[in-house]
Amino acid sequence: MNIIIPTLFFFSAILAIANRKTGYFALVITSIFMAAVAVFSFNILHLFWLITSVSWAMISIYSISYDRYGRWLSPLFAIMLAGMSLVLTSGNYLIFLSGWEIMSISAYFILGIHREKSFPSFIFMAFSELSTIFILLGFALAYSQTGSIAFTRLTSTLPLDLTVIGFLLKMGAFPFLLVEWLPIAHSSAPANVSAALSGTMPLMGVYGIIKMSMLSPIDPDLGLLLISVGAFTAFFGALYSHASDHYKMLPAYSSVESYGSILLLLGVSLFAPNNTIALFSVIGVALFSLAHSFAKSGIFMISGLVKSEYMSSSTGISSRQVDVGRLLFASSLSGLLPNIGGVATWMLLEIMFMSAFVERNSLFGLLFLFVGTIMAMTEGLITAVMIKFIAFSGVFSSSEKKGNFSIFIMGLIVLFSGMISSIIVNALDSIFTSSAPNLFTYFIIISLKESGSTFGGISPLYVGLLIGLFTLVTYFAFGKNKLRRVPVWNNGEAIQEKYTPSAFSNNLKLILKLLYRPNEYTYARNIFWDSLVKFTLTCKKIAKYISYYVMNSQINIYIIYLIIMFLFIIIYISRF
């Protein structure tokens, strides 16, 4: 079965060369088949099969009507999905690396062929290949320990540590978010490719970390590192997403935030104070991955229906299907119940404060409390980001009416997966613990700070039913909402102004101007990128000074250099 699925994706690419729509239809069928296999042979790794295949099926349906990019987008898109399927179904290091390279190279060609600027494709490939180098080093070290190319139990954590660096590169996590490569690359592709790039490709990194962690000894230090990296990545991803005016850069930065949250949960699963919290963290990773993949794919599909790249110059789009999808995607990414994103966010914050309570007598308790506070602020920022996206992509001056069935269905999936998340959590708990289901937990998710010790609970199903009930009561009591439009008031001035995305973010940009550093030319500047540029220029000045005043072809300078190095070598060798 592991061979059949990638083969079908490659066959879809061949069909796409002959006929674009036939290729997309074949991708839909193959993705549904992959989802069915995942359901009937379910485990934690097959959960990623299910998440990605559902996203790919809906993106492929969307692509049938969206793709107007010529004959090569469809086959390259199919090859990219084939590469990701190879990663997910791989049984050894060579197949995993082959799939990793296939998905990266095909995405590079898509970005290069359908480019508006030349550098996004090159920067994408540069970081992809740097990622491959670290993964290859980790796999090579793993082979040296086991003597097998198959994924087998490892004797040390070093292969895991090296591969994690490669996976973090692909996810655009700190410190690799400093150069903003992921938002730049993901926002430069056609909308269907952006949906797959942002919604599912970085999940290959999450999948890789989990797969290698299952083979390695437990490494609490790596867990602590992932907690720190994840919190930093999530916060600054949300911060720069809030300042963006670009229809695709905004959700791309939001993707960085989501993957930071997933890394944080992975870190807690390795560093957790007890096994109960570790299990809850792994389930949180699964739900966060599901929530992000579905909602972010939908957000990018909506961005493909808008003609302009920037919110400030677009009139937005509106239809019943798109409006429902937009509301459900945005509310899920905002961490609001009863959507699956609300459940995942609740679990993340619960985990942080549970861990802080359990470790309350140590410094680690303060760490968990601090990180939990940072993540709470991050979720507040993302809520503002999603309000901005809703407003400027459809609420204000929506003159275009475009419907899309796949966007609507994906939105319903986000909603109903949240409402039945208690069943999903129960099923995952049964897989990990081999325990019998508790009927009570079919309706409520209970968080345990220790085995048998309840910390909190929530019922997304009840929340959803209550929201639906109050909505119906309000509708029948007051009727359909009546809109009254008035001209924009500008203190009595005759000039009519428009409320812009920049104005929406302006208060925060002024409060945090030391981080945003806005100026008259840019909406916000990355303080870390500025620091990196300054460091590079300093190195250049030092190198220039050395070349002018030291390496200046004077024989006496070279003699002094040789004497110093000779003495250094003698002193160093004498230590042994």
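The values are calculated or read from the model by the stated rules, or taken from the named source; none is laboratory data. Everything quoted here is computed from the prediction, not taken from an experiment. Methodologically, a virtual Cβ is constructed for each residue, glycine included, from the backbone with ideal geometry; neighbour enumeration extends over all protein chains shown. Surface accessibility is based on the protein's heavy atoms, side chains included, excluding ligands, DNA and RNA. Shrake-Rupley method; radii C 1.70, N 1.55, O 1.52, S 1.80 Å.
Within the range 334-352, can one find any residue that is open to solvent by less than 10 Å² (accessible area, probe 1.4 Å), over 27 Å from residue 55 (Cβ atoms) and in contact with a Phe, Trp or Tyr (Cβ under 9 Å, 6 or more places away or on another chain)? Yes, the range 334-352 has at least one match. In the range 2-14 there is no residue that is surrounded by 24 or more Cβ atoms within 10 Å (Cβ to Cβ), part of a helix (DSSP H, G or I), touching a residue at least 24 places away in the same chain (Cβ under 8 Å) and touching a Pro at 6+ places or on another chain (Cβ under 6 Å). Looking at 85, 118, 106, 98, just one residue is small (Gly, Ala, Ser), open to solvent by 10 Å² or more (accessible area, probe 1.4 Å) and at pLDDT 90 or above, and that residue is 98. With respect to residue 335, determine if the residue is on the phi > 0 side of the Ramachandran plot and of a type outside the set (D, E, K, R). In short, yes. Residue check: residue 366 meets all listed conditions (1) open to solvent by less than 50 Å² (accessible area, probe 1.4 Å); (2) modelled with pLDDT of 85 or more; (3) aliphatic (A, V, I, L, M) but one, namely (1). Residues that are assigned to a helix (DSSP H, G or I) and either among the polar types (S, T, N, Q) or open to solvent by 20 Å² or more (accessible area, probe 1.4 Å) (or both) within the range 258-277 comprise 258, 261, 269, 270, 271, 275, 276, listed in sequence order. Just one of (1) open to solvent by 60 Å² or more (accessible area, probe 1.4 Å); (2) farther than 30 Å from residue 137 by Cβ; (3) out of contact with any helix residue (DSSP H, G or I) (no Cβ under 6 Å at 6 or more places or on another chain) fails for residue 70. It is (1).
Criterion first (open to solvent by 10 Å² or more (accessible area, probe 1.4 Å), in contact (Cβ under 8 Å) with a residue 12 or more places away in the chain and either closer than 27 Å to residue 414 by Cβ or small (Gly, Ala, Ser) (or both)) does residue 54 satisfy it? Yes, satisfied. When residue 548 is tested against (1) at pLDDT below 70; (2) exposed (fewer than 10 other Cβ atoms within 10 Å of the Cβ), only condition (1) is not met.
Selection of first residues in the range 88-111 that are over 18 Å from residue 163 (Cα atoms) and without any contact (Cβ under 8 Å) to a residue 40 or more places away in the chain and of second residues that are in a helix (DSSP H, G or I) and aliphatic (A, V, I, L, M), restricted to Cβ pairs under 6 Å at least 6 apart or on distinct chains, gives the following pairs, ordered by first then second residue: 106/76; 106/79; 106/80; 108/125; 109/76. One residue alone among 339, 361 is in contact (Cβ under 8 Å) with a residue 60 or more places away in the chain, under 25 Å from residue 374 (Cα atoms) and not small (Gly, Ala, Ser), and that residue is 339. The set of residues in the range 451-465 that are open to solvent by 40 Å² or more (accessible area, probe 1.4 Å) and more than 30 Å from the chain's Cα centre (by Cα) comprises 451, 452, 454. Note on the range 126-234: enclosed helices (runs of 4 or more DSSP H) holding 1 or more residues that are among the aromatic types (Phe, Trp, Tyr) and either touching a residue at least 60 places away in the same chain (Cβ under 8 Å) or open to solvent by 40 Å² or more (accessible area, probe 1.4 Å) (or both) are 201-215.
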